[in-house]
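Structure, as structure tokens:
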Amino acid sequence: MERPYNDHDDLSLDNSTRLKAIIDTAIDGIITIDSKGIIETVNPAAGKIFGYAPEEIIGKNVNVLMPEPDHGLHDRYIENYHRTGVGQIIGKGREVLGKKKDGTVFPFLLSISEVRLKDKQIFTGIVHDISELKKAEEALRESENKINSIIQGAVDGIITINTRGIIEMVNPAAAKQFGYEADELLGKSINILMPEPDRSLHDSYMHHYHVTGEKRIIGIGREVTGMRKDGSIFPFYLSISEVMLSDRKVYTGFVHDITKQKLTEERLRRYTAELERSNRELQDFAYVSSHDLQEPLRKIQAFGDRLKIKEYENLSDQGKDYVDRMLNAASRMQNLINDLLNFSRVTTKATPFVKVELDNILDEVISDLEVSIERTNTEIIRSPLPVIEAEPTQMRQLFQNLLSNAIKFRKENESPIINIYAKNLQRQAHLTATPGDEVTEIYVEDNGIGFDEKYLDRIFNIFQRLEGQKYEGSGIGLAVCRKIAIRHGGDITARSQPGVGTRFIITLALKHPEE
């Protein structure tokens, strides 16, 4: 006999349809198994998560979705639960590993509920795939590790404080700079690292900033003084950044110790002061040379000339010799004084640097020396020279002195050959930003008499002459060359052998700081 139809059947059917629709459209996977672990239902989301069509796994043991060791142990888990009533996951939920159809193992959150029907017992598992979440967590953890490694390994000190000035983080470099262990500073006020008056005033500095927003170091950076654990103080450059976290604000300070830099600056300041004093003395000496010494010298020359013009025939042969020798000595002294004045003017009357084509300078010098070059049958071999920032007059003086020397100190039976070429260099590889990083080396080679290199230091000193009175000159020419080279950010040296010739190597910076 048929059961009478009633409204309750419609309601039950409607609820069942609604429940199935909810399960089928759920984002999370839903799987039910019987008391033996056999899969009874699988919603589309669960099938998609594990890479199966639902019908492929319905009727199979749920351990098909598990990697080892859970795959082999799962039946034992169920037996143990039935025997003891103690569940590892049931009613709790936890992170576990699943295995997809293609063998891929992935993490997911599993919550299991037990449902007792009138005729049987089933378990329903809710599967929430957390693969992307775990990847994001791993990426975040890796990023945090990288940042932490950078902070811990940084050469400069890094310190983080809160808005009350309490130290929250100190890297090893900062602790070392201030002479502490990191643990000794954590939780302490930042003013422990400050000498007076900053130590007492720091809280008021922070209060002033919080009230007015006026920045004195934050986002600006400046040189300050720190105090080490032993009470000694040192200079450092401090830059502070303000960081807004999710729930609060912190300040991160970057500490760059500038002790060596400041000591170098102070030594340079004192050296500069001493150099200025020395230059003033040189200028005073040059003034005396040009005025006080030249005046009596002019009288000697004037009266000597009168003797030679008016009284020369009345003198004995010995007297004539004395007058000639006196006038020659006076002339040599006049030349010596003029050379000395030229030496002093290299720095005392220098004009600003401009772009100079050294090839043009060399053309002019060769033209000026044309008579000497032709008389001695000198051959000049040259390669292109660079354009540099320099003082043109001093460049002419430099080349003129070097070429004149090469012609003067020639071998008696051999025509001079002078080879001039250059090559550009970096003082330190890959560093070109600062004026002086890039230089040119100019080579002036000759086949002259040469010299013993044990005298190398002497030849660039004022009044030093290796050949005595055999050759004309005051011994100032190479000293002037060195002074010019140094003023142009370089120096001069030489390589030579007696009877073989000499190679002068002049270093000049391509660019200079603005004067």
* Asked: Based on what the data block shows, is ARG410 touching a residue at least 12 places away in the same chain (Cβ under 8 Å) and closer than 21 Å to THR507 by Cβ?
  -> no
* **Residue that is surrounded by the fewest Cβ atoms within 10 Å (Cβ to Cβ), among those in the range 406-423 that are in contact with a strand residue (DSSP E or B) (Cβ under 8 Å, 6 or more places away or on another chain) and among the polar types (S, T, N, Q)** => SER415
* Answer yes or no: is there a residue in the range 205-219 that is among the acidic types (Asp, Glu) and free of Cβ contacts under 8 Å to residues at least 12 places away in the same chain. => yes
* Cβ-Cβ below 7 Å, separation at least six or inter-chain, first residue in the range 444-455 and in contact (Cβ under 8 Å) with a residue 60 or more places away in the chain, second aromatic (Phe, Trp, Tyr): which pairs? -> VAL444/PHE504
* Structure fact -> Counted residues in the range 478-500 being of a type in the set (Gly, Ala, Ser) and in contact with a Lys or Arg (Cβ under 9 Å, 6 or more places away or on another chain) come to 4
* Asked: Does any residue of the range 13-21 turn out to be in contact with a Ser or Thr (Cβ under 7 Å, 6 or more places away or on another chain) and either assigned to a helix (DSSP H, G or I) or under 23 Å from ASP129 (Cβ atoms) (or both)?
  -> no
* What about TYR77, is it surrounded by 17 or more Cβ atoms within 10 Å (Cβ to Cβ) and assigned to a helix (DSSP H, G or I)? -> no
* Tell me, which residue of the range 143-172 that is free of Cβ contacts under 8 Å to residues at least 40 places away in the same chain and either among the β-branched types (Val, Ile, Thr) or in contact with a Gly (Cβ under 7 Å, 6 or more places away or on another chain) (or both) is surrounded by the most Cβ atoms within 10 Å (Cβ to Cβ)? -> VAL170
* Structure fact -> Result of the Cβ filter at 9 Å on the range 42-58, keeping first residues that are under 15 Å from THR25 (Cα atoms) and partners that are among the aromatic types (Phe, Trp, Tyr), at least 6 apart or interchain, is VAL42/PHE50; VAL42/TYR52; ALA46/TYR52; ILE49/PHE106; ILE49/PHE108
* Structure fact -> Per the list (1) surrounded by 11 or more Cβ atoms within 10 Å (Cβ to Cβ); (2) free of Cβ contacts under 8 Å to residues at least 60 places away in the same chain; (3) part of a helix (DSSP H, G or I), residue check on GLU114 breaks on (3)
* To do: Name the single residue, out of those in the range 476-498 being closer than 18 Å to GLU391 by Cα and of a type in the set (D, E, K, R), that is surrounded by the most Cβ atoms within 10 Å (Cβ to Cβ).
  => LYS483
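Across the range 251-307, what is the total count of residues that are of a type in the set (A, V, I, L, M) and modelled with pLDDT of 85 or more?
7
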* Examine the range 81-88 for a residue that is among the aliphatic types (A, V, I, L, M) and either in a helix (DSSP H, G or I) or touching a residue at least 24 places away in the same chain (Cβ under 8 Å) (or both), and state whether such a residue exists. => no
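Given the residues ALA26, ALA45, ALA53, which is the only one that is under 15 Å from THR124 (Cα atoms), surrounded by fewer than 16 Cβ atoms within 10 Å (Cβ to Cβ) and in the same structural domain as SER111 (by TED's automatic domain parsing)? If you could, list the steps in order and put the result at the bottom.
Numbers: ALA45 fails: surrounded by fewer than 16 Cβ atoms within 10 Å (Cβ to Cβ); ALA53 fails: under 15 Å from THR124 (Cα atoms).
Only one candidate qualifies: ALA26.
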* Got at least one residue in the range 249-269 being of a type outside the set (Gly, Ala, Ser), exposed (fewer than 10 other Cβ atoms within 10 Å of the Cβ) and farther than 21 Å from GLY179 by Cβ? -> no
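Give the range 169-189 a look and list any residue that's over 29 Å from the mean Cα position of the chain (by Cα) and of a type outside the set (S, T, N, Q), or say none.
Residues satisfying the conditions are ASP183, GLU184, LEU185, LEU186, GLY187, LYS188.
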* Looking at the range 338-354, is at least one residue touching a helix residue (DSSP H, G or I) at 6+ places or on another chain (Cβ under 6 Å), modelled with pLDDT of 70 or more and of a type in the set (A, V, I, L, M)? -> no
* To do: Could you grab the pairs with beta carbons closer than 7 Å, sequence gap of 6+ or different chains, first residue in the range 24-38 and assigned to a strand (DSSP E or B), second one at pLDDT 90 or above and loosely packed, with under 13 Cβ neighbours inside 10 Å?
  => ILE38/GLY59
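Conditions tested, residue by residue: (1) in a loop (DSSP other than H, G, I, E, B); (2) on the phi > 0 side of the Ramachandran plot; (3) in contact with a strand residue (DSSP E or B) (Cβ under 6 Å, 6 or more places away or on another chain); (4) at pLDDT below 75.
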{"site": "ILE442", "(1), (2), (3), (4)": "no, no, yes, no"}
{"site": "ILE449", "(1), (2), (3), (4)": "yes, no, no, no"}
{"site": "ARG458", "(1), (2), (3), (4)": "no, no, no, no"}
{"site": "GLN464", "(1), (2), (3), (4)": "yes, no, no, yes"}
{"site": "GLY468", "(1), (2), (3), (4)": "yes, yes, no, yes"}
{"site": "TYR471", "(1), (2), (3), (4)": "yes, no, no, yes"}
{"site": "SER474", "(1), (2), (3), (4)": "yes, no, no, yes"}
{"site": "ALA479", "(1), (2), (3), (4)": "no, no, no, no"}
{"site": "ALA485", "(1), (2), (3), (4)": "no, no, yes, no"}
* To do: Quick one: count up the residues across the range 117-140 that are surrounded by 11 or more Cβ atoms within 10 Å (Cβ to Cβ) and more than 30 Å from THR25 (Cα to Cα).
  => 0
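The values are calculated or read from the model by the stated rules, or taken from the named source; none is laboratory data. It should be emphasised that the depicted structure is a prediction, and the values quoted were computed from it without experimental measurement. Positions of Cβ are backbone-derived with ideal geometry, glycine not excepted, and every protein chain shown enters the neighbour counts.
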